[in-house]
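> Just passing along the structure, written as structure tokens.
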Amino acid sequence: MPTKLYSSIFPSVVFLSLVFLFLYSTLLPLYTNNHSSSPPIKMFLRSFSSSCNLFNGHWVLNSTKPKPFYDEACPFHRNAWNCLKNKRDNMGIINSWKWVPKDCRLERIDPWKFLGLMRNRNIGFVGDSLSENFLVSFLCILRVADLGAKKWKKKGAWRGAYFPKYNVTVAYHRAVLLAKYKWKPKQSKVSDQDGLKGIYQVDVDTPADEWISVTDFYDVLVFNTGHWWGYDKFPKETPLVFYRHERPISPPLGLLDGLQVVFENMVHYIQKEVPKNTLKFWRLQSPRHFYGGEWNQNGSCLFDRPLEEGQRI
Ligand SMILES: *[C@@H]1O[C@H](CO)[C@@H](O)[C@H](O)[C@H]1NC(C)=O
Ligand SMILES: *[C@@H]1O[C@H](CO)[C@@H](O)[C@H](O)[C@H]1NC(C)=O
Ligand SMILES: *[C@@H]1O[C@H](CO)[C@@H](O)[C@H](O)[C@H]1NC(C)=O
């Protein structure tokens with residue numbers, strides 16, 4: 001079944017990175033000038049998105065593109081995920097793809113300018129490993145402008161860095177479902193045949209501890225969730241069960257309905273509780289990492305081409 005699966009995590013990550021970096025660099029001057037009021041940012045976003053849709057474009061293979069900003073020695077890499085150090089095949093081709101939007105110029109990020117604009121501000125990522133991967137790449141790029149950058153893991157952050165030259169912190173808070181969830185083993189008395197080992201209680205209306213108390217600290221927050229909402233992560237022996245006010249929601253919600261309810265609640269929470277001046281992004285989903293099998297079943301992720309228009313995985 002999965003032999004035709006084809007994905008493109010790297011180009012997607014690169015693309016999303018570019019989009020974010022572009023948005024950041026474009027929006028931040030505005031943000032800086034209007035630190036105390038958020039409407040101008042929204043107005044700007046509206047005019048920006050009507051004149052130019054960054055998501056409408058195509059991939060161009062250009063081997064004379066400037067070299068990547070960093071190499072395998074960047075101290076913020078995750079070792080097992082350090083494609084450069086681990087000598088992943090085809091890095092040359094992967095780094096030669098460039099996303100070209102149809103009606104706008106997508107400039108390369110300038111880490112000096114970017115950190116200069118972000119001086120005395122903090123950027124937080126909240127979500128799953130897509131955010132973490134993006135963060136690693138982002139930290140390695142920004143470090144070029146401040147070699148004194150130090151690892152930073154305060155306030156419940158999973159990983160991050162502090163850039164002393166600019167007094168900027170950029171960090172990731174791991175919250176794969178965004179909502180709070182906890183393991184509850186099965187009470188052992190009943191010996192039913194369903195193979196249930198226990199459940200994960202998901203509190204649909206409560207943000208995970210990892211980020212609930214840090215939103216004041218960040219001037220920019222980027223949220224994502226997606227890849228954990230599947231039966232590969234939560235099979236029927238250890239399912240997600242959705243709770244509200246400490247009681248199971250009845251009738252029980254399926255996985256995707258649960259996702260919907262969590263989405264709504266998290267968005268509501270963010271709108272209500274995260275300071276208005278905080279610039280907020282919702283990061284989009286990318287294709288699966290593997291084709292031809294899962295990571296532990298001979299799956300491979302050695303793609304070197306982006307998805308074709310209309311191609312499904
Ligand atoms: C490839 O990249 C170089 C350097 O950025 C640029 O000068 C050139 O125009 C690009 N070529 C294509 C076909 O986009
Ligand atoms: C660094 O930035 C924080 C805000 O993130 C600010 O409160 C603090 O005063 C700044 N420190 C210096 C030395 O400018
Ligand atoms: C993975 O490949 C090896 C060698 O071809 C094979 O022996 C093994 O059964 C495969 N495992 C799975 C889970 O497909």
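> What about Gly258, is it surrounded by 15 or more Cβ atoms within 10 Å (Cβ to Cβ) and at positive phi? Before you say what the answer is, go through the steps one by one.
Values: surrounded by 15 or more Cβ atoms within 10 Å (Cβ to Cβ): yes; at positive phi: no.
Taking the combined requirement at face value, the residue does not satisfy it.
> Filter segment 84-103 for residues that are among the basic types (Lys, Arg) and either outside any loop (DSSP other than H, G, I, E, B) or surrounded by 13 or more Cβ atoms within 10 Å (Cβ to Cβ) (or both) and give the result.
Lys85, Arg88, Lys98, listed by residue number.
> Determine, yes or no, whether Glu309 is within 16 Å of ligand 3 (Cβ to nearest atom), acidic (Asp, Glu) and assigned to a loop (DSSP other than H, G, I, E, B).
Details: within 16 Å of ligand 3 (Cβ to nearest atom): no; acidic (Asp, Glu): yes; assigned to a loop (DSSP other than H, G, I, E, B): yes.
No.
> Any residue at all in segment 277-289 that's in contact (Cβ under 8 Å) with a residue 40 or more places away in the chain, more than 20 Å from the chain's Cα centre (by Cα) and closer than 30 Å to Asp205 by Cβ? Show your work before the answer.
At the first step, the residues of segment 277-289 found to be in contact (Cβ under 8 Å) with a residue 40 or more places away in the chain are 277-289.
Still in the running and more than 20 Å from the chain's Cα centre (by Cα): 277.
Within this subset, residues satisfying the condition of being closer than 30 Å to Asp205 by Cβ are 277.
For segment 277-289, residues in contact (Cβ under 8 Å) with a residue 40 or more places away in the chain, more than 20 Å from the chain's Cα centre (by Cα) and closer than 30 Å to Asp205 by Cβ: present.
> For segment 250-297, enumerate the residues that are in contact with a Leu (Cβ under 7 Å, 6 or more places away or on another chain) and among the charged types (D, E, K, R).
Lys280, Arg283
> Let me ask you something else. Does any residue in segment 293-313 that is over 17 Å from His58 (Cα atoms) and within 16 Å of ligand 2 (Cβ to nearest atom) come within less than 6 Å, Cβ to Cβ, of a residue that is in a loop (DSSP other than H, G, I, E, B) and of a type in the set (Gly, Ala, Ser) six or more places away or on a different chain, and which pairs are these?
From segment 293-313, no pairs qualify.
> Is it the case that Ile123 is in contact (Cβ under 8 Å) with a residue 60 or more places away in the chain and over 21 Å from Ala73 (Cα atoms)?
Details: in contact (Cβ under 8 Å) with a residue 60 or more places away in the chain: yes; over 21 Å from Ala73 (Cα atoms): yes.
Criteria met by Ile123.
> Related question: If you check every pair at least six apart or on different chains, which have Cβ atoms under 9 Å apart with a residue in segment 246-272 that is over 21 Å from Phe125 (Cβ atoms) and without any contact (Cβ under 8 Å) to a residue 60 or more places away in the chain first and a residue that is in a strand (DSSP E or B) and of a type in the set (S, T, N, Q) second?
As it stands, the answer is Glu246/Gln201; Pro248/Gln201, since those pairs meet every condition given.
> Within segment 275-301, track down each residue that is buried (at least 18 other Cβ atoms within 10 Å of the Cβ), of a type in the set (A, V, I, L, M, F, W, C) and farther than 24 Å from Thr238 by Cα.
Across segment 275-301, the qualifying residue is only Leu279.
> Hey, can you tell me all the residues within segment 209-229 that are buried (at least 20 other Cβ atoms within 10 Å of the Cβ) and closer than 10 Å to Val126 by Cα?
Passing the criteria: Trp211, Leu221, Val222, Phe223, Asn224, Thr225.
The numbers here are math on the coordinates, done by the rules we state, and not lab data. Owing to the predicted nature of the structure, the values given are computational and were not obtained by experimental measurement. Cβ sites come from the backbone with ideal geometry, for glycine too, and all protein chains shown count toward neighbours.
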